[in-house]
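Structure, as structure tokens:
Only the coordinates and a few stated rules stand behind these numbers; no lab work does. Computed from a predicted model, the values in this text were never measured in an experiment. Ideal geometry is used to build each Cβ from the backbone, glycine not excepted, and the neighbour counts take in all protein chains shown.
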Amino acid sequence: MANSKFEYVRNFEQPDNLLPNTWIVVRIDGRGFTKFANKYAFEKPNDRRALDLMNAAAKAVMSELPEITIAYGISDEYSFVFHKSCVLFERRSSKLVTTIVSTFTSYYIYLWPTYFPETPLSPPLPSFDGRAVCYPSVQNLRDYMSWRQVDCHINNLYNTTFWALIQQGGMGNLDAEELLKGTYAADKNEILFSKFGINYNNEPEIYKKGSVVFRAYELVEPGTHNAAAEADGLAEPVQQSKNQTEIDKKRRAKARIVIEHLDIIKDEFWDRRPWLLSNKP
Ligand code: DGT
Ligand code: MG
Ligand code: MG
Ligand code: MG
Ligand code: MG
């Protein structure tokens, strides 16, 4: 069919393909979840149902998008990592972000009654924003993941102490805030232990470490493999054959997806799961 006189408007569309051969992280975050958490009376500082729901939605996103290598979640946010060789949607940023945001939101709402059977959702319904960022090296990607996990730790230690002072110490919000101003981690640990007999180390791992979602294959013995060094190697082919890509995709689609609460800052997590960063995704 001949082009219509309207067809030229297509030229206004801008390409937004992300840099090739870089790790893509799509991070989504709940919109106005401070208010949302109050509306549904989320427990403070952590509501296990809310975190389990976030994790279930993230797991569903991963099974619908086998190209996702690993995901990491804390609070109302989730980061989804695409392997640097991924060519899904020609690496178009808006396609990747909007697909993840809408798939995640759909599942969050769909699964809500499973985790909050007593409190049906009512408008305004939960929604999420999202962005995509490219990281050129495995080191950059690992630093990104570490940044999020450190954030989880800092926030959780603060929130655990803050709410202990209020809920168990009978303090007002402002007084608790004032007391914690300028304190270090050691001070908060000390307050928790001396005032409330809480050993922070014994708090649930899901609160202290956040949640890691990935495909489970057989673990490698510690200390036998350096995934990061290999994956950053220069000799590897950037693109693999289409056939191999299809085989890998099928293998990933069949793999079991697990949710764990592990340290992702140290090497061990990555060394024992070389497939996460490997050149054969
Ligand atoms: P935003 O992201 O700019 O639209 O604004 P918010 O309000 O979503 O702020 P954000 O994302 O920086 O912080 C997440 C909020 O969600 C934070 O105020 C605490 C709340 N939240 C997340 N998980 C829980 C939970 O398990 N229990 C409670 N009580 N609140 C939670
Ligand atoms: Mg935000
Ligand atoms: Mg938020
Ligand atoms: Mg947030
Ligand atoms: Mg279409």
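Points to keep in mind about this one:
- The angle between the Cα long axis of helix 48-64 and the longest principal axis of the Cα atoms of the chain comes to about 10 degrees, rounded to the nearest 10.
- Taking the Cα centre of the chain as reference, the dipole from Cβ charges on Lys and Arg (+1) and Asp and Glu (-1) amounts to some 880 debye.
- Here the Kirkwood formula, the inverse mean of 1/r across different C-alpha pairs, assigns region 1-90 a hydrodynamic radius of 16.2 Å.
- Pairs from the table (Lys44/Lys208; Lys209/Lys249; Lys84/Lys209) lying more than 18 angstrom apart at Cα are Lys209/Lys249; Lys84/Lys209.
- For the chain, averaging the sequence separation of C-alpha pairs within contact (under 8 Å, six or more residues apart) and dividing by the residue count gives a relative contact order of 24 percent.
- Dimensionless Rg ratio for the chain, taking C-alpha atoms and the 2.2 N^0.38 Å reference: 1.15
- Helix 138-167 axis, angle to the chain major axis (alpha carbon atoms, nearest 10°): 20
- Over all projection directions, the Cα-based convex hull of region 16-171 averages an area of 9.8 nm².
- Comparing Cα centroids, region 1-80 and region 150-167 end up 26 angstrom apart.
- For region 96-140, the calculated P(r), taken from all Cα-Cα distances in 5 Å bins from zero up to the bin holding the longest distance, is 5, 18, 21, 16, 13, 10, 7, 6, 4, 0 percent.
- Dipole-positive endmost among Gly169, Leu179, Pro117 within region 106-185 (Cβ charges, Cα centre): Pro117
- Stokes-Einstein, applied to the Kirkwood radius of region 100-186 over Cα pairs at a viscosity of 0.890 mPa s and 25 °C, places its translational diffusion at 145 µm² s⁻¹.
- Mean residue ellipticity, 222 nm, helices only, the chain: the sum of -39500 (n - 2.57) across DSSP H runs of n ≥ 4, divided by residue count and rounded to 500, is -14000 deg cm²/dmol.
- Between the Cα long axis of helix 93-115 and the first principal axis of the chain there is an angle of about 50°, rounded to the nearest 10.
- The label-point distance for Glu260 and Leu121, in a model that sets each label 7 Å from Cα toward Cβ, rounds to 3.1 nm.
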